[in-house]
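Input: a single structure, listed below in structure tokens.
The values are calculated or read from the model by the stated rules, or taken from the named source; none is laboratory data. As the structure is a prediction and not an experimental result, all values here were calculated from the model. Here the Cβ is made from the backbone with ideal geometry for all residues, glycine too, and neighbour counts use every protein chain on show.
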Amino acid sequence: MIRITLGMLGAALSATLLSTTSPLAAECPADFPSKPITMVVSFGAGGGTDTIARALATAIEQQQGWTIVVENRPGAGGANAAAWLKTQPADGYIIGATGTDAIAINPAISDVGYSWADFDYLGSGMQTWLGLVALSDAPFDDLQELVELARQKGRATVAVAGINQEILIKQLAEEFDVELVAIPGAGAAEALTSALGGHVDATTQGTLHVEQIEAGKMKLITSIIDRRVPYAPDVGTLEEQGSKAQPLISHTIFITPKGLQPEIATCLEQAIDEGVKAESYVKQMEAFKNEGLNLGAEGNARLARELSEFYNAMLKP
Amino acid sequence: MEMLDHLMLGFSVASLPMNLAFCFLGVLLGTVIGILPGIGPLATISMLLPLTFGMSPVTSLIMLSGIFYGAQYGGSTTAILVNLPGEASSTVTMIDGYQMARRGRAGPALAVAAIGSFFAGTVTTMLIAVVAVPLTAVALSFGPAEYCALMVVGLVSSIALASGSVVKAIGMICCGLLLGLTGVDIYSSQQRFTFGMLPLMDGIDFVALAVGIFGFAEILRNLESGTSSRPLVGRITSLMPTRDDWRRIAGPILRGTGIGGFLGILPGGGALLSAFVSYNIEKKVSPNSAEFGHGAIEGVAAPESANNAAAQTSFIPMLSLGLPASPIMALMIGALTIHGITPGPNVISRDPALFWGLIASMWIGNAMLLVLNLPLIGIWVKLLQVPYRLLYPIIIGLCCIGVYSVSNAPFNVYMTMFAGLLAYALTKFDLEWAPFILGFVLGPLFEHQLRRTMLITGGDASVFFTRPISAGLLIVAAVLLVIIVLPMVRQSREQIFVEED
């Protein structure tokens, strides 16, 4: 039932299995860290990435006995922080907490001064379980019925937040040759508001919709990630519903400027992997109605490259 | 009856010693950061968020929301005393509040702001208790077309904010509109006016701009007089409103509360609109309309009641639907999520103690603010007698810290200085900045909603006239435009005839 795309889950599982043998003490050089580590979040305080970063920082502090200072450097959809991070020393004392979208998509849209290859990838903390949702009383239950509705009405609208979601809707419109129109907006909350008010036919969402589904106000039309989503396990993926569109793969990742010493890289990778499995971190993910997932260093680097190639092809003229 | 039970539950939760203590701490902190120029509730709440992890969810929410509405109180103090808006909505309070202060009436201005806010807070707390859920349905029925029409009403009525030339006001609104477009266009991903600079990709920061335009420029203007030790305001007559003042503010406070209470529930821009829609209404209906812009007490009472009412009702979409109406509400959602409560349609029924406890605490918090602020008025007013050479460096220092904290980068501080110099130069030509600010804030919202509407309808503009709320709002805008422009046309025709004679 679970379809593994891009080989990432495999990498994640093997990383998880390997590291269980060395509990709660990462293998680190003797003099590292000799001062507090700064974790720079690419988005504002209180947001998803921020909460994940803080939860992980707390877990690592408890497990390793380090001091981690969390700072926010929001702006330009994560580009602000990434461009700044690239210029920082690769000594392991500055870790960026960001999203795969910020690393892969921003450089494809405009000249932000960095690309995925400017960073070393330490690990990841969570996958966003994106879905296409509609009001419970919407006259369609799956992707094909939505397509049929668009065909009958002449057009159907989907409120989106983010270029990746917009591209997905465009792919679907082309694939099925209907007027399925992406309505970009100021954010996920606005997209959800439009859908709840019945101003659009459906919306793509990352987190806010889960509560609406549980309350019975909305229903999942299709999972738009690379597997079924745990909050609605009966609803099929894009592929299962007959679409060849590229699913959205979005993880919260931890990176440093390129050129980290291998010993320090190993140390930080292990610390992050142990942190993701910490009880306090697992609890925080439950509060998110999600779960911790670390793709590991290699898995994340590969994902960043593949996503960058995909979005470069889609967005660069 | 059920309502009474709910309120009883709420008050029993809110009056737990722990919750009372953190409510007080919240409103006190809020008042302080509201008064400090440049440091807004958004920055404070995001900094304090991690500290609330150890509290119970309702306690942390009570404290964080105390900071939020406490800052509204404090913000009006700075707006009135030193002409510095902490956030967009106090721009309106400044117009008449600062003029009152210059005339030695800072005391009554501050008192009216506090009393108006308290009244609005009390009424809207009741409102939330009674009609939170049906109101949410109204808010959801506001689609892009309705928002767009609402923004038109806002833009048209912002012309009325000007006390001088209407042509200059329109010019300033257009400048604001243009600057407001700075950043990445979300529909095409194209950059506008960014000169390739990353810090401008999200647009020009409001706090940086407003602190420069109002704060720094005002300081430059005051330095011009050359006397470095003269106190900031005229002689202080009395601290409390007179009987005549009371008579004048009753209507504005009532109307302000109504307008703010309704517009506050609309996600996005509602709270700001409420402050100056209510100001403009008072300017039109008041028998003292000639006094507006020169220190009319109604011009403080109306927007202050409206923005506090809106601050309270902006919790409705967050609590009843899990929808953040503003970045601050998004932070509150973050705070709840950390405690394992996902705000959504189920919160009221699943966690009634949280919902009603918060609402009861808002009323308690407002009462605390009134008790806290009224005696402080005397102290604030005395603060203004501190000589320039001490007060100004402190204000500028605090502004720079606040602006720097927006994104932890010096870019915004440069922006503030540039805006201050520019504003100082342009004020020499009698250009007014309140219409500019409204153009700056409302313009991008208008554009966003217009394009959203057109995308949803596939380019069919008739939707603005076929949807009743949108059509009604556009008619209001048209009537407003006639009321505002007609006297000007008549006046200029009269001038022409005079010249011909």
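What residue, among those in segment B:317-349 that are polar (S, T, N, Q) and without any contact (Cβ under 8 Å) to a residue 40 or more places away in the chain, is farthest from the other protein chains (Cβ to nearest Cβ)?
My answer is B:Ser349.
Here is a check on your reading of the model: is A:Val160 within 14 Å of another protein chain (Cβ to nearest Cβ), under 28 Å from A:Gly99 (Cβ atoms), under 20 Å from the mean Cα position of the chain (by Cα) and not polar (S, T, N, Q)?
Taking the combined requirement at face value, the residue satisfies it.
Find all pairs meeting these conditions: Cβ atoms under 6 angstrom apart; at least six residues apart or on different chains; first residue within segment A:185-201 and within 7 Å of chain B (Cβ to nearest Cβ) and without any contact (Cβ under 8 Å) to a residue 60 or more places away in the chain; second residue among the aliphatic types (A, V, I, L, M) and in a helix (DSSP H, G or I).
Filtered contacts from segment A:185-201: A:Gly185/A:Ala191; A:Leu192/A:Leu208; A:Gly197/B:Leu140.
Looking only at segment B:338-355, decide whether some residue is crowded, with 21+ Cβ neighbours inside 10 Å, under 15 Å from B:Leu64 (Cα atoms) and over 27 Å from the mean Cα position of the chain (by Cα).
Yes, segment B:338-355 has at least one match.
What single numbered condition from (1) touching a Pro at 6+ places or on another chain (Cβ under 6 Å); (2) free of Cβ contacts under 8 Å to residues at least 12 places away in the same chain fails to hold for B:Thr78?
(2)
Of all residues in segment A:171-184 being buried (at least 16 other Cβ atoms within 10 Å of the Cβ) and assigned to a helix (DSSP H, G or I), which is nearest to the other protein chains (Cβ to nearest Cβ)? Don't jump to the end; show me each part of the working.
Initial filter on segment A:171-184 (buried (at least 16 other Cβ atoms within 10 Å of the Cβ)): A:171-173, A:176, A:178, A:180-184.
If we keep only those that are assigned to a helix (DSSP H, G or I) too, we end up with A:171-173, A:176.
Values: A:Gln171: 17, A:Leu172: 16, A:Ala173: 13, A:Phe176: 18 Å.
Looking at the filtered set, the residue picked out is A:Ala173.
With the requirement that a residue be crowded, with 19+ Cβ neighbours inside 10 Å and among the aliphatic types (A, V, I, L, M), what does segment B:130-145 give you?
Across segment B:130-145, the qualifying residues are B:Ala132, B:Leu135, B:Ala139, B:Leu140, B:Ala145.
Filter segment B:190-220 down to the residues that are closer than 27 Å to A:Pro107 by Cα and in contact with an Asp or Glu (Cβ under 8 Å, 6 or more places away or on another chain) and list them by number.
Of everything in segment B:190-220, those that are closer than 27 Å to A:Pro107 by Cα and in contact with an Asp or Glu (Cβ under 8 Å, 6 or more places away or on another chain) turn out to be B:Gln191, B:Arg192, B:Gly196, B:Phe206.
What's the total number of residues in segment A:202-235 that are in contact with an Asp or Glu (Cβ under 8 Å, 6 or more places away or on another chain), in a strand (DSSP E or B) and within 12 Å of chain B (Cβ to nearest Cβ)?
Here the count works out to 0.
State whether one or more residues within segment B:89-99 are crowded, with 24+ Cβ neighbours inside 10 Å, assigned to a loop (DSSP other than H, G, I, E, B) and within 20 Å of the chain's Cα centre (by Cα).
yes
So which helices (runs of 4 or more DSSP H) stay within segment B:1-66 end to end and still have 1 or more residues that are closer than 26 Å to A:Gly47 by Cα and out of contact with any strand residue (DSSP E or B) (no Cβ under 7 Å at 6 or more places or on another chain)?
B:17-35, B:41-48
Could you list, in sequence order, the residues of segment A:294-317 that are crowded, with 18+ Cβ neighbours inside 10 Å and in a loop (DSSP other than H, G, I, E, B)?
Hits for segment A:294-317 are A:Asn294, A:Leu295.
Listed residues A:Gln63, A:Gln88; which is part of a loop (DSSP other than H, G, I, E, B) and touching a residue at least 40 places away in the same chain (Cβ under 8 Å)? Explain how you work it out, then say what you get.
Working: A:Gln63 fails: part of a loop (DSSP other than H, G, I, E, B).
The conditions single out A:Gln88.
Can you find even one residue in segment A:112-129 that is within 12 Å of chain B (Cβ to nearest Cβ), modelled with pLDDT of 90 or more and closer than 28 Å to B:Val406 by Cα?
yes
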